[in-house]
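Let me begin by presenting the structure, written as structure tokens, before commenting on it.
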Amino acid sequence: MNLVQKLKETVFSVLPIMAIVLILGFTVAPLNSILIVRFVAGGILLILGLTIFTWGVDIGILPLGEKCGAALTSKKNLVLLLIAAFAIGFLVTIAEPDVQVLADQIKNLLIISNKWLFVFLIAIGVGLFVMLGLLRIVLNWKLRWVLIISYVILFVMAFFTGKFQEVAFDAGGATTGPMTVPFIMALGMGVSAVRSKKSAEDSDSSFGLTGIASIGPVAAVCIYGVIEFIRIKSTGTFQGVTVSPANLEAEIFSQKFFGLGIFIVNIPEILREVSLALLPLVIMFVVFQIFLLKLPRKQVSRIIMGFIYSFVGLVIFLLGVKGGFMGAGENLGFILGKKACELAWGWKAFLIIIGFVFGAVIVCAEPAVWVLTEQVESASAGNIRRKVLLVTLSVGVAISIVLSIVRIMFNFNLLYILIPGYAIALVLTFFCPPLFTGIAFDSGGVASGPMTSTFLLSFTIGISGATAKTGTMTDGFGVIALVAMTPLIAIQILGIIYKIKTSRKKTEAALEEK
């Protein structure tokens, strides 16, 4: 795919959201003119940065993942494979832009005072579960049982994490972004391609690795939450600082006259953060090249160019996000949330409708969703049309945004939605073809891409700031988790439909032969 095509996909991804925000910003939820200018400038930078970043991932980092997976498996050393899998999962997660954005949001609300502590927790979780996922492929474990056991343990831990529940499950969705997903999937495909004596039943074993990897960060943050829960019980203190609605309002509107200078102010910090994020990945490539890969000079040059593009794109992307995109989302959510809280029920209904529209538009706009729909149509031999899948995902994600807003308004526990949702998804694994189960759990993060992590999360945090009655701001989190849950159910249902259709065709063919 060339750079122009990447640009078209990114423009299609971002422009619908920008259009809706601008319409609302000039009408029912008036935004300051300087904030609007910053939002437009941030949107342009986001488009440019995401295009360059994903191009760099495609030409350099994705091939590196495939070659690493194939080379490690060819050594036939399980210990080496697992150690390298942990290192790869850890390093690519640190470089994931969606994780960086989520960590910034959490730090802004002072739930965790150290951003990099949170990033490292997520990265450790991903690394450990990438190990588990590759071990499943090598030992031919059933994906269904790995998922069921993991999620049962996960939800037991979640009961003891308090307000870290929302953050933990959002972390699982945020890790599956434009850096992590291609690299981890490429690693899994590389391992599967080299495996010997693979049975026909096992032919789709490479699917599901991303789904397993996304469990890791949830578990890691839950463990941190359990430790905090025990410490709070014993000391009665909380290290994080919650932000009151009044303080959030002051924070949101205090910098609205700062103008475009905010982009320049953010450059040094973003350069430092991106350098710290990508440097370990570069070191890993050097080590692998010297001791394992030994690629020819032409391929090395291409991978180096991929790293350069990724670095430049990530810097521009984060400039756009921090400079204007997140601020506009928080302001818009705060204004609409305040009207819904103080005025008639009509405004609550209007806010819910806006959330539904945002959800439907965002999932249709995510470039990875179009890749997913094409993959499912191909895997089902055309029995599941991509338009049907797109509509299903669109409605499902829209409903998940509505549920997130309703949860904020009525302040109930996120687990009341997640437990039934994941229970349905896990029960469906017994009836769905394994191929579709793997695709479904891999695609859990596809819908929760950069637009969800940047704009929708900011939007719900803004709503939470306006409607919070107890002074806690963490109700704004959880939206990424709900968006990531939808494909698990939708794709498996379509997989069951495909199974029924295939069975009917076989029956009809058998009757015709008679």
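Normalised by the residues of segment 1-145, what does the relative contact order come to in percent, with Cα pairs under 8 Å and at least six apart? Don't skip to the end; give the middle numbers.
Numbers: 79 pairs, mean separation 30.0, N = 145.
Relative contact order for segment 1-145 comes out at 21 percent.
So what are the ³J(HN,Hα) numbers for segment 309-318, from phi and the Karplus equation (6.51, -1.76, 1.60; θ = phi - 60°), rounded to whole Hz, Gly and Pro as x?
Along segment 309-318, the couplings run 4, 4, 4, 4, x, 5, 4, 5, 4, 5 Hz.
Compute the projected area of the convex hull of the Cα atoms of segment 384-503, averaged over all viewing directions, and report it in nm² to one decimal place.
Values: hull surface 29.5 nm².
Quarter of the Cα hull surface area: 7.4 nm².
Could you give log10 I(q)/I(0) at q = 0.14, 0.22, 0.31 Å⁻¹ for segment 291-339, computed by the Debye formula over C-alpha point scatterers of equal weight, without solvent?
Evaluating at q = 0.14, 0.22, 0.31 Å⁻¹ gives log10 I(q)/I(0) of -0.57, -0.81, -1.01.
Just to be sure I understand the model, the point goes 7 Å from the Cα along the line to the Cβ. What's the resulting L15 to R504 distance in nm?
3.9
How far apart, in nm, are two points set 7 Å out from the Cα along the Cα-to-Cβ line at N114 and at V300?
Rounded to a tenth, the inter-label distance reads 3.7 nm.
Can you give the FRET efficiency for I497 and W141, using 1/(1 + (r/R0)^6), R0 = 22 Å, r = Cβ-Cβ distance, to the nearest 0.05? Walk me through the numbers before you get to the answer.
Details: r = 27 Å, r/R0 = 1.22.
For R0 = 22 Å, the calculated efficiency reads 0.25.
Sorted by mean Cβ packing within 10 Å, highest first, what order do the peptides 314-325, 418-429 take? Can you show the working numbers first?
Values: 314-325: 26.0, 418-429: 17.7.
The densest-packed peptide leads the list: 314-325, 418-429.
What FRET efficiency comes out for E512 versus F431 if R0 is 35 angstrom and r is the Cβ-Cβ distance? Round to the nearest 0.05.
0.80
Based on the Cα atoms of segment 1-141, what semi-axes does the equivalent ellipsoid have, where each is the square root of 5 times one gyration tensor eigenvalue, given in whole Å with the largest first? Provide the component values of the computation, followed by the final result.
Values: eigenvalues 288, 87, 26 Å².
Value: 38, 21, 11 Å, ordered largest first.
Per residue and in cubic angstrom, what volume does the convex hull of the Cα atoms of segment 94-184 have? The partial results should precede the final answer.
Numbers: hull volume 8.4 nm³, N = 91.
Dividing the Cα hull volume of segment 94-184 by its residue count gives 93 Å³.
How big is the equivalent ellipsoid of segment 117-158 along its three axes, where each semi-axis is √(5λ) from the Cα gyration tensor, reported in whole Å from largest to smallest?
Working: eigenvalues 87, 49, 4 Å².
The answer is 21, 16, 4 Å, longest axis first.
Rank-order 501-507, 260-266 by packing density, defined as the average count of other C-beta atoms within 10 Å over each peptide's residues, highest first.
Working: 501-507: 11.4, 260-266: 14.0.
Result, highest mean first: 260-266, 501-507.
Would you mind checking the pairs K322/K348; K387/K499; K142/K499; K76/K298; K8/K298 and listing those with alpha carbons more than 22 angstrom apart?
On the way: K322/K348 28 Å; K387/K499 19 Å; K142/K499 19 Å; K76/K298 27 Å; K8/K298 28 Å.
Check vs 22 Å cut-off fails for K322/K348; K76/K298; K8/K298.
Convert each backbone phi in segment 456-467 into a coupling constant with the Karplus relation 6.51 cos²θ - 1.76 cosθ + 1.60 (shift: θ = phi - 60°), then list the ³J(HN,Hα) values in order as whole Hz, x for Gly and Pro.
For segment 456-467, the Karplus curve yields 5, 5, 4, 4, 6, 5, x, 4, 4, x, 7, 9 Hz.
Taken together, the values in this text are just the output of simple stated rules run on the coordinates, not laboratory data. None of the values given here were measured: they were computed from a predicted structure. Positions of Cβ are generated from backbone atoms using ideal geometry, with glycine treated the same way; all protein chains shown enter the neighbour counts.
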